[in-house]
1. If I ask for residues that are assigned to a loop (DSSP other than H, G, I, E, B) and either at pLDDT below 95 or among the small types (Gly, Ala, Ser) (or both), which ones from region 350-374 would you list?
2. Among the residues in region 298-307, are any in a loop (DSSP other than H, G, I, E, B), open to solvent by 30 Å² or more (accessible area, probe 1.4 Å), in contact with a helix residue (DSSP H, G or I) (Cβ under 6 Å, 6 or more places away or on another chain) and more than 20 Å from residue 370 (Cβ to Cβ)?
3. From (1) in contact with a strand residue (DSSP E or B) (Cβ under 8 Å, 6 or more places away or on another chain); (2) of a type in the set (Ser, Thr, Tyr); (3) in a loop (DSSP other than H, G, I, E, B), pick out the condition that doesn't hold for residue 377.
4. For residue 332, work out the one condition from (1) at negative phi; (2) surrounded by 19 or more Cβ atoms within 10 Å (Cβ to Cβ); (3) not in a strand (DSSP E or B) it doesn't fulfil.
5. Out of all the residues in region 129-168, which are free of Cβ contacts under 8 Å to residues at least 24 places away in the same chain and more than 26 Å from residue 186 (Cα to Cα)?
6. Look through region 379-407, keep the residues that are basic (Lys, Arg) and over 20 Å from residue 109 (Cα atoms), and return whichever of them is most open to solvent (accessible area, probe 1.4 Å).
7. Scan (1) at pLDDT below 95; (2) open to solvent by 30 Å² or more (accessible area, probe 1.4 Å) for the single condition residue 314 breaks and write down its number.
8. Within the set of pairs 6 or more residues apart or between chains, which connect a residue that is part of a helix (DSSP H, G or I) inside region 107-118 to a residue that is of a type in the set (Asp, Glu) and open to solvent by 50 Å² or more (accessible area, probe 1.4 Å) with Cβ atoms less than 7 Å apart?
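The values are calculated or read from the model by the stated rules, or taken from the named source; none is laboratory data. Keep in mind it's a predicted model, so treat the numbers as computed, not measured. Methodologically, a virtual Cβ is constructed for each residue, glycine included, from the backbone with ideal geometry; neighbour enumeration extends over all protein chains shown. Keep in mind that these areas ignore ligands, DNA and RNA; they rest on the heavy atoms of the full protein, side chains included. Shrake-Rupley method; radii C 1.70, N 1.55, O 1.52, S 1.80 Å.
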Amino acid sequence: MISRRTMYGRMCLTLRRIRRMRFWKLLLVGLIILMLYLVKLHRELSSKQSGRKHSVNPVIKEEPYTYLPDPETTFLFENTPPSSEECVKTVLIYGNLTDMKDWPELSNFYKYFSKSKLKAHEVFYKCPTFDCVIKVSLGTSYSLFQGKDAIIFGMLPKVFEGRLDDLIERKPEDGQTWIFYSTETPLRIVNWNRDVRIGDLKYHKIMSYRLDSDIHIPFAYYEPYNKTEQLLHVNESQANFVVNKTKDVIWIGSNCKQIFWPRIPMMQRLQRLIALDDFGKCGRFHCLPKRSARCADIFRKYHFYLAFANSECYEYITEKFWWNALGHDVIPVVYGAPKSDFEMLAPPNSYIHISDFYRAKELVNFLTDIKDSSDKYKQYFKWKERGRIVHTFPNKMNSLCNILPHLGSFELKRLGNSSWFNGCRRLADETAYNPYEPKQQRWDYILWSPWNPNSGKTIGEEKRDRMEIGKF
């Protein structure tokens, strides 16, 4: 028999061995964690160092849009109300000042609403063209609806969440005009509010980026010169647009998941074939403050700008095309709206649409050929001799004057039946609620292809054809 002392000794020995094993295991785990931390730290330092090469004097504070100086305007506050003899129309923008402050596109509106000391932030704006004053207020209380000539919905597109039940049931007063306003796509608005019943909202008139809207509010537009102006600009395209351009392609993306086609893998595919610098929250590099003159100088160093919209929607051509690219003499490589829309709305021969190419490699070869030829590159700016770009974004208070001819009694319509709501390649349904994760984008990219609505084929037929010819 084993004595108690021997048994006790063996137990102690076993416990010591267990402790040693635990010590070495813990030490090994600790070393692994330390190595992972050092690798992460190294990557962060490398990213910051490379980012500094592409940014100039980074400042954390963000500047508001400064595309164009404010036009001269006549605002009347409580000390100078309009006379009783003047034409005055009352307009309510459905929203609140807090949300407006966080919406850079409405910085011009916020500037004036925040100054007002009147109820519901009322401001008075004189519309000389129509010889009328609009009294504009801001709020979501239904008591503010009473007596208004017009209610504008959608200018603050995230405000519908939690309010749709009442809005859908409510009806306008007799003679009151309900206007739906949007510079965004229906996909984004459904995503922000996580409610497809946006389509059940009622309206009389619509303001949007589409030409068939009652009131057209584009991000910008191309305006041909008259004959006299053409003579003054005859040598406009002879400038050396290639000078000081030392880099190939730039892409700026701050929206990585709230998109509705596989934009990230499309960009990454091009990045493997050509020198492409990606800026913003979705990229490796940053330039702060955003929309500043410093950043503009950096962007001008590139030959091409990827103007890829967040949605595939008809006529949705945003400021990325008009201002970021053409506004800084960079050739835009475009996608979002179909090519037929760019042919209709953009300056002629000012862009490269990716639907013209079956493979990404073909597109990259085309870009390289243009970049290496000063004469070919210059051809994309011939439009400067024939017309100008008129920037209208971000919209200003004077844009509301355009609603004056549209006030009165009109047929009440359902938003879901409008061309704006149904004007995208995919429907604004429940599938738009969830973030479009990069992993899912990579899977969808396998069968995705640029759209070609003029081909007369369905999307499925287009995909099969492109799979047979070669993947983009």
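1. Within region 350-374, the subset assigned to a loop (DSSP other than H, G, I, E, B) is 350-351, 357-359, 372-373.
Within region 350-374, 350, 357, 358, 359, 372, 373 meet the criteria.
2. Of the residues in region 298-307, the ones in a loop (DSSP other than H, G, I, E, B) are 300-301.
Add one more test, that the residue is open to solvent by 30 Å² or more (accessible area, probe 1.4 Å), and what stays is 300-301.
With in contact with a helix residue (DSSP H, G or I) (Cβ under 6 Å, 6 or more places away or on another chain) added as a condition, the list becomes 300.
Pick out the ones that are also more than 20 Å from residue 370 (Cβ to Cβ) and you get none.
Looking through region 298-307, none of the residues is in a loop (DSSP other than H, G, I, E, B), open to solvent by 30 Å² or more (accessible area, probe 1.4 Å), in contact with a helix residue (DSSP H, G or I) (Cβ under 6 Å, 6 or more places away or on another chain) and more than 20 Å from residue 370 (Cβ to Cβ).
3. (3)
4. (3)
5. Here is the first cut: in region 129-168, the ones free of Cβ contacts under 8 Å to residues at least 24 places away in the same chain are 141, 143, 162-163, 165.
The one that is free of Cβ contacts under 8 Å to residues at least 24 places away in the same chain and more than 26 Å from residue 186 (Cα to Cα): 143.
6. So the first thing to find is which residues in region 379-407 are basic (Lys, Arg), and the list is 382, 384, 386, 388, 396.
This time we only want the ones that are over 20 Å from residue 109 (Cα atoms), so: 382, 384, 386, 388.
Details: 382: 59, 384: 35, 386: 92, 388: 77 Å².
If we take residues in region 379-407 being basic (Lys, Arg) and over 20 Å from residue 109 (Cα atoms), then 386 is most open to solvent (accessible area, probe 1.4 Å).
7. The one condition residue 314 does not meet is (1).
8. 108/70
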